[in-house]
Structures are given as C-alpha cells and as structure tokens.
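Enquirer: For reference, the structure I am asking about is given below.
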Amino acid sequence: MKYNGFSNKNLLVLKVWPFWIDGIKYHDQYLSEFMDEDGVSTVFACPYQAEKSYTSFIKEGDTRLKSKYNMYFFKFMLFFNKPIPLNLIDFTKFIKLNKPDVIHIFGISNFTTVFTFFAIVFSSFQGRIVFSDHSDPTERKTGLLARCYYYFFYIFYAVFVRNRYTIIVPDLASRNELIKRYGLKISELIVIISLGYDDRVFKLNGGSKSKGLPLNVGFAGKILPPKKIETIFKILDSFNATEIQFTIAGLNLDELSDYQKRLINYVNKNEVSNVKFIPFISNNNDLANFYSTIDVALFPGSISITTFEANGCGCPIILYKSYEGLEHRVSKIRGRLFCDEFELIDTLKFYIGLKRNSVIMHSDIELESKKFSWRVLKNDYYRVYGFIK
C-alpha cells in the first residue's frame, strides 16, 4: 500500500554503504523494510566486505541479509584495509538504468563515497543526493596516517559536498564532530534524525520479567574494549548477589578475543557469582527476548541502536555519558545517564529500590519509546528526500 502523500510513481532509493555485514542489521536496513510498506523501494550498493572486529561476531556462512535485500556489490581492492570500489563504468550504467529518485550515501569520509560521486557525474544523475554520517568523537584518530586521511576527505568535501547536500546525523555529537572536521558552515546542511528501533520485534513481552530481587541487569552488544565492560567489575563490591545479577551477551561466536578472555578470567579467578557471559545475540527475536527478561539494560561504554531496542521492550537503560547530546536516549522515564562509577552505583541502587517495590514502569517505557520506532522516523527521511512536506 502506497503512502497517502506520494504520487502513483514507484519511488526508488539507492543507498551506498562502505561495507556490508551479513547477519547484523543497521538503521538503513530497518528503514528500507518500513519504507517498502509505502511502496518505496531500496537498493543497497556496497563492497561485500567488513572488518574482522565485526565479522567475528557472525556465524560463518550467514547470508540471510544478503538474500533479503536488493543488492549491488562493488568489485574492490583494499587500501590499508579500506575498500576502494573498481567497477566505475558498470555502476554508472546501473544508475542510468535504474534511475533512482534519491542516492543516499552513508559517510562522507570513505573511498566508496568518492567512487559514487564519479559515477553520479558520469551518469548525469538529476535526482536528490543525501548523506548520512555517524561520526563518533570517541573514535577520532590522531596519528599521521589518520590526519592525512581526514585532510584528503576535507578536500573532497570542499570540492564536491560543501553547501550542496543535506547531511543526516543521529545526534548532537555527530553534528559537532562534523563541524570540527569541516567547519561551522556545514551545520547549515545538517539535519538531526535520531536512531530508532523495529517496533514489530522489540516490544514488551508481559510476564517474562522476574518478580522481586535480584535486579537483573543486562548488556547486549559486541564485547570490544570501547564497550568498557570492566566497569562492572569496579562496582561489584557495592552490591551482593542477592541484590543484583549481571548478564553480558556479546562473546565472539568463533574464537574469543584477548579482551574477552581477560574479562572471563577475572570472573573465574575472583569467583564472581553474579556475573555471567553468553554469546553475541545476532537474531532480533532472541535479542528482544533477552531484553524482555532483564530489568535494566546497562551500556558502560560506546553505544548503538540497541539502547532504543531495549527501551522498545520496556527496559530502562543506564547509559555512560561518553559524549554530549545523549539526553534524548534517556528522556522522560526511559533511563539515566552516568558519568563515573559513583553515579553508576547510585543509579543501580535506585533501580534496586524500584524492583524491590515492583514499580519499574516497563509498560510506560515501551509507550514513551514509540516515537523512536522506524515506523515513525521514516517520515523524517521522506521529508529530506522531498517525498512529503
């Protein structure tokens, strides 16, 4: 069924990504599914490649996403582990043949973006060009090679992008990071659209949560050093196992990393009874079940869309304030931010008190989170695309 505000024309969005990971969905994959309900089709163009830090969390041979979406895969070579697409003539023909209404490019600073701009020029594309950029200030690199990399893309931005195209960012932190890289003028092009969640899957499952203490605290995500899981160990002495239990979901599905081994060894060596590790959860239904069984979701380090998915299941979140502009992730009753271990301890004690008295408002959290569902947020993208006013 087509969206009421659209013409009878079938609309097509070509989304260009610098990588593709089978088995893990990102925001654009979710958006494409919800847009498809309105008659808006999406084709993903990208190199079939991802860094080891991502693929180690996926079962070998998992190609369910590759077969789920309309795909165009670039031929490419690797340069310092960054893919550089090669089949320019073929991709130019692909754009001419399919005539997308919008070309939506993920990331300013990658070689796939440069390649795409050459194809756009050679194809004489006349539609709308839009960027998304999720630059994270906590991942900024400062070495000589990184400075050369940033400078190259600053020149690219100045020549091809400046003052021309809308750039969608998920929060104030990404906006401020782009201003640092490209200058204050870029702020005039930026539109903030929050990340979100799939409300078809992530919803409150009544009766799944336990009654009474302990407070069940969970983390779900890739267990990598930026996630700062060791923060949990630093606060354990403030609680006992009858008050609180931690479940950490995110171990590699093949060989454990050195970081993961250190965490597990700490638990075993110190006979920590209220912390357990389980493998990374790549299936959305399984992840929704996980959030439906815990009382609070803890994010002690870097974050992703999983904070919204936890909220969608009625689960409040405790979020480390790794940078400015995260308040929208914990607005109203949806959770709390913390800056240090003392604030984390106080926040956990707050939720222990709520759990003891059975007053964690899971249903209200689920309801308050609805405005962050992709079903709602897609309309903000339609406005940027010019599909609706």
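Enquirer: Hey, could you check the stretch 224-258 for residues that are modelled with pLDDT of 95 or more and polar (S, T, N, Q) and say which is farthest from the chain's Cα centre (by Cα)?
Expert: S238
Enquirer: Report yes if some residue within the stretch 70-81 is at pLDDT below 95, surrounded by fewer than 14 Cβ atoms within 10 Å (Cβ to Cβ), assigned to a strand (DSSP E or B) and out of contact with any Phe, Trp or Tyr (no Cβ under 9 Å at 6 or more places or on another chain); otherwise report no.
Expert: yes
Enquirer: In the stretch 127-149, what residues are assigned to a loop (DSSP other than H, G, I, E, B) and closer than 17 Å to T112 by Cα?
Expert: Across the stretch 127-149, the qualifying residues are D133, H134, S135.
Enquirer: Does K234 count as within 30 Å of R356 (Cα to Cα) and touching a helix residue (DSSP H, G or I) at 6+ places or on another chain (Cβ under 6 Å)?
Expert: Yes.
Enquirer: For S187, which of the numbered conditions (1) over 19 Å from T113 (Cβ atoms); (2) in a strand (DSSP E or B); (3) out of contact with any Pro (no Cβ under 8 Å at 6 or more places or on another chain) fails to hold?
Expert: In the conditions (1) over 19 Å from T113 (Cβ atoms); (2) in a strand (DSSP E or B); (3) out of contact with any Pro (no Cβ under 8 Å at 6 or more places or on another chain), S187 misses (2) alone.
Enquirer: Report the residue count in the stretch 85-110 for those that are part of a helix (DSSP H, G or I), of a type in the set (A, V, I, L, M, F, W, C) and either open to solvent by less than 10 Å² (accessible area, probe 1.4 Å) or touching a strand residue (DSSP E or B) at 6+ places or on another chain (Cβ under 8 Å) (or both).
Expert: Number of matching residues: 3.
Enquirer: Here's something else I'd like to know. Given the stretch 291-377, what strands (runs of 3 or more DSSP E) lie entirely inside it while holding 1 or more residues that are open to solvent by 50 Å² or more (accessible area, probe 1.4 Å) and touching a residue at least 40 places away in the same chain (Cβ under 8 Å)?
Expert: On the way: elements: 296-299, 317-320, 335-338.
Strands (runs of 3 or more DSSP E) meeting the threshold: 317-320.
Enquirer: So, in the stretch 195-220, exactly how many residues are over 23 Å from K25 (Cβ atoms) and either β-branched (V, I, T) or touching a strand residue (DSSP E or B) at 6+ places or on another chain (Cβ under 7 Å) (or both)?
Expert: Our first condition is that a residue be over 23 Å from K25 (Cβ atoms); within the stretch 195-220, this holds for 206-207, 209-217.
Cutting the leftovers down to either β-branched (V, I, T) or touching a strand residue (DSSP E or B) at 6+ places or on another chain (Cβ under 7 Å) (or both) gives us 210, 214-217.
Result for the stretch 195-220: 5.
Enquirer: Please count how many residues of the stretch 123-155 are farther than 30 Å from D380 by Cα and of a type outside the set (A, V, I, L, M).
Expert: Summing the residues that are farther than 30 Å from D380 by Cα and of a type outside the set (A, V, I, L, M) in the stretch 123-155 gives 8.
Enquirer: If you check L195, L144, L172, L189, which single one turns out to be in contact with a Gly (Cβ under 6 Å, 6 or more places away or on another chain) and open to solvent by 10 Å² or more (accessible area, probe 1.4 Å)?
Expert: Details: L195 fails: in contact with a Gly (Cβ under 6 Å, 6 or more places away or on another chain); L144 fails: in contact with a Gly (Cβ under 6 Å, 6 or more places away or on another chain); L189 fails: in contact with a Gly (Cβ under 6 Å, 6 or more places away or on another chain).
The conditions single out L172.
Enquirer: Could you list all residues from the stretch 9-42 that are open to solvent by 10 Å² or more (accessible area, probe 1.4 Å), touching a Lys or Arg at 6+ places or on another chain (Cβ under 7 Å) and not hydroxyl-bearing (S, T, Y)?
Expert: Scanning the stretch 9-42 gives D22, D38, G39.
Enquirer: Only residues that are polar (S, T, N, Q) and outside any helix (DSSP H, G or I): list them for the stretch 206-263, please.
Expert: If we filter the stretch 206-263 for residues that are polar (S, T, N, Q), which is where we start, we get 208, 210, 216, 231, 238, 240, 242, 245, 247, 252, 257, 260.
Matches in the stretch 206-263: S208, S210, N216, N240, T242, Q245, T247, N252, S257.
Enquirer: Here's something else I'd like to know. Considering the stretch 43-69 alone, what residues qualify as being at pLDDT below 75, of a type outside the set (F, W, Y), in a loop (DSSP other than H, G, I, E, B) and open to solvent by less than 60 Å² (accessible area, probe 1.4 Å)?
Expert: Residues satisfying the conditions are A50, S56, I58, D62, L65.
The values are calculated or read from the model by the stated rules, or taken from the named source; none is laboratory data. These numbers come from a predicted model, not from an experiment. Note that we place each Cβ from the backbone using ideal geometry, even for glycine, and neighbour counts take in every protein chain shown. Just so you know, the surface numbers come from the protein's heavy atoms only, side chains and all, with ligands and any DNA or RNA stripped out. Shrake-Rupley method; radii C 1.70, N 1.55, O 1.52, S 1.80 Å.
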